[in-house]
């Protein structure tokens, strides 16, 4: 049994503002339209209705869920869609009351076709949605329920039933991994027995899933997109979308740091600027990398950018360093996804920002020379000091407190790695313990603090 999730899946290129509320629903919409085409049901489909439940119903409007589903139904994918397309499709159905599905079928669809039901939570997951295709006579042509389980990952009712051990048709077995592990303690035993680093283990597992050259190319593409989101954010100004009218700050911070850097050490402030830049791009619906979610997309890129710009290293080894960093982050992120949750709607922001902080801490620890034990310690510290972090976005927008929260967590990640490097890897609280604690904390946390905007800052900040 193994929780390992490929880095090429855990880090996916998409658009903002949310992995669970934008990227996942887009994938669900495309999957539904694909099923209609595959089953020969397009011709009998006259209209589409979408029901958004739980957290999707509560904050879906602020997270761009309706327009993302439209883009998916029209055949677009998060990795390649023009960020302007979802908004254009939303305007189209408002004006025309019709949408052209993947496969070319034009169907009736208006804003009222997307129904928000925040008080109804489906039993499998709070991010549930049901898409229904209806004939001209009003009969149901096809219906499917999808769950956006965090990080852009989507599962159907039957897939989640399979995970729960229920009597359903099993999916195809995953490729055999040379180093399967379910828990951190098992990962540490593999590293010790085989004399491998955490990135070595992850690399071997990746190469069991696809050719080495393909793995490298995908890691290159992931980092290129991460770096591009930093540069785009640093170069953009203006006001972010939404009722808060929040001003973008990354470019102004960078301009000030260009002046201050000549007189004092500013590396950590630059790291914060990098994180803010990415998350402003995300909030604006731009292209970012889910890492492991969009709400936490700035942490892992900003820590890597900080290392490349401010930590002495061999430029000839830079590509290898980036790959190792991403592989370690994925190895740690797999533990959270497999044993707890990376969904803010399920675990609160500890599942998003906390997981990303932990991943970045362990990853930068290895490329700074840390042993596997120190890497595990760094990852544990990174999460331990994010336990209980709530998800309470003001106005349902991934802006306040989300953008600044990424900047602070990036600093925590580096501090966690440095602290672990001063030790020998031995520590009282294990990474497995802190992950289980996070899972329990998320389970016990009131739903109003889990991406519903019904508590915390979301109700105590007056919207502009």
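What is the residue count in the range 43-55 for residues that are assigned to a helix (DSSP H, G or I) and at negative phi?
Counting residues in the range 43-55 that are assigned to a helix (DSSP H, G or I) and at negative phi gives 3.
Picking from 45, 5, 49, 80, which residue would you name as being under 19 Å from the mean Cα position of the chain (by Cα) and touching a residue at least 60 places away in the same chain (Cβ under 8 Å)?
Numbers: 45 fails: under 19 Å from the mean Cα position of the chain (by Cα); 49 fails: under 19 Å from the mean Cα position of the chain (by Cα); 80 fails: touching a residue at least 60 places away in the same chain (Cβ under 8 Å).
Testing whether each residue is under 19 Å from the mean Cα position of the chain (by Cα) and touching a residue at least 60 places away in the same chain (Cβ under 8 Å) leaves just 5.
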Return only the number of the condition from (1) in a loop (DSSP other than H, G, I, E, B); (2) crowded, with 24+ Cβ neighbours inside 10 Å that residue 75 does not satisfy.
-> (2)
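Sort out which residues of the range 1-11 are crowded, with 24+ Cβ neighbours inside 10 Å and either assigned by TED's automatic domain parsing to the domain that holds residue 65 or within 18 Å of residue 148 (Cα to Cα) (or both), and write them in order of number.
10, 11
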Answer from 358, 341 - the residue that is in contact with a strand residue (DSSP E or B) (Cβ under 7 Å, 6 or more places away or on another chain) and closer than 18 Å to residue 11 by Cα = 341
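Yes/no matrix, rows are residues, columns are (1) over 29 Å from residue 155 (Cα atoms); (2) at pLDDT below 95; (3) part of a helix (DSSP H, G or I):
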residue	(1), (2), (3)
318	yes, no, yes
330	no, no, yes
363	no, no, yes
369	yes, no, no
373	yes, no, yes
387	no, no, no
For the range 111-132 the number of residues that are touching a helix residue (DSSP H, G or I) at 6+ places or on another chain (Cβ under 6 Å) and within 20 Å of residue 44 (Cβ to Cβ) is 1
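Out of 419, 438, I need the residue that is within 27 Å of residue 3 (Cα to Cα), in a helix (DSSP H, G or I) and in the same structural domain as residue 239 (by TED's automatic domain parsing). Which one? So that I can check it myself, show each step before the final result.
Values: 419 fails: within 27 Å of residue 3 (Cα to Cα).
Just a single option satisfies the conditions, and that option is 438.
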Taking residue 250 as the residue in question, decide whether it is in the same structural domain as residue 330 (by TED's automatic domain parsing), surrounded by 24 or more Cβ atoms within 10 Å (Cβ to Cβ), free of Cβ contacts under 8 Å to residues at least 60 places away in the same chain and closer than 30 Å to residue 59 by Cα.
-> yes
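Can we say residue 58 is closer than 15 Å to residue 134 by Cα, over 16 Å from the mean Cα position of the chain (by Cα) and not in a strand (DSSP E or B)? Outline the logic, then answer.
Details: closer than 15 Å to residue 134 by Cα: no; over 16 Å from the mean Cα position of the chain (by Cα): yes; not in a strand (DSSP E or B): yes.
So residue 58 does not fit the description; no.
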Identify the residue in the range 26-42 that is in contact (Cβ under 8 Å) with a residue 24 or more places away in the chain and outside any helix (DSSP H, G or I) and, among all such residues, is surrounded by the most Cβ atoms within 10 Å (Cβ to Cβ).
-> 41
When you scan the range 187-236, how many residues do you find that are free of Cβ contacts under 8 Å to residues at least 60 places away in the same chain, under 18 Å from residue 323 (Cβ atoms) and either under 19 Å from the mean Cα position of the chain (by Cα) or not assigned by TED's automatic domain parsing to the domain that holds residue 375 (or both)?
-> 2
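Scan the range 134-154 for residues that are in a strand (DSSP E or B), within 14 Å of residue 56 (Cβ to Cβ) and touching a residue at least 24 places away in the same chain (Cβ under 8 Å) and jot them down. Spell out how you get there, then give the answer.
Kept after step one, since they are in a strand (DSSP E or B), are these residues of the range 134-154: 134, 140-150, 153-154.
Retained after the next criterion (residues that are within 14 Å of residue 56 (Cβ to Cβ)): 145-150, 154.
Residues satisfying the conditions are 146, 147, 148, 149, 150, 154.
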Wholly within the range 156-227, which helices (runs of 4 or more DSSP H) include no fewer than the required count, namely at least 2 residues that are over 20 Å from residue 9 (Cβ atoms) and modelled with pLDDT of 95 or more?
-> 184-194
Checking residue 67 against (1) in contact with a strand residue (DSSP E or B) (Cβ under 7 Å, 6 or more places away or on another chain); (2) in a helix (DSSP H, G or I), the condition it does not meet = (1)
Can you find a residue in the range 294-313 that is under 12 Å from the mean Cα position of the chain (by Cα), more than 16 Å from residue 363 (Cβ to Cβ) and in contact (Cβ under 8 Å) with a residue 12 or more places away in the chain?
-> yes
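The values are calculated or read from the model by the stated rules, or taken from the named source; none is laboratory data. The structure presented is a predicted model; accordingly, all values stated were derived computationally and were not measured. When we count neighbours, we look across all protein chains shown, and the Cβ atoms used for this are built from the backbone with ideal geometry, even at glycine.
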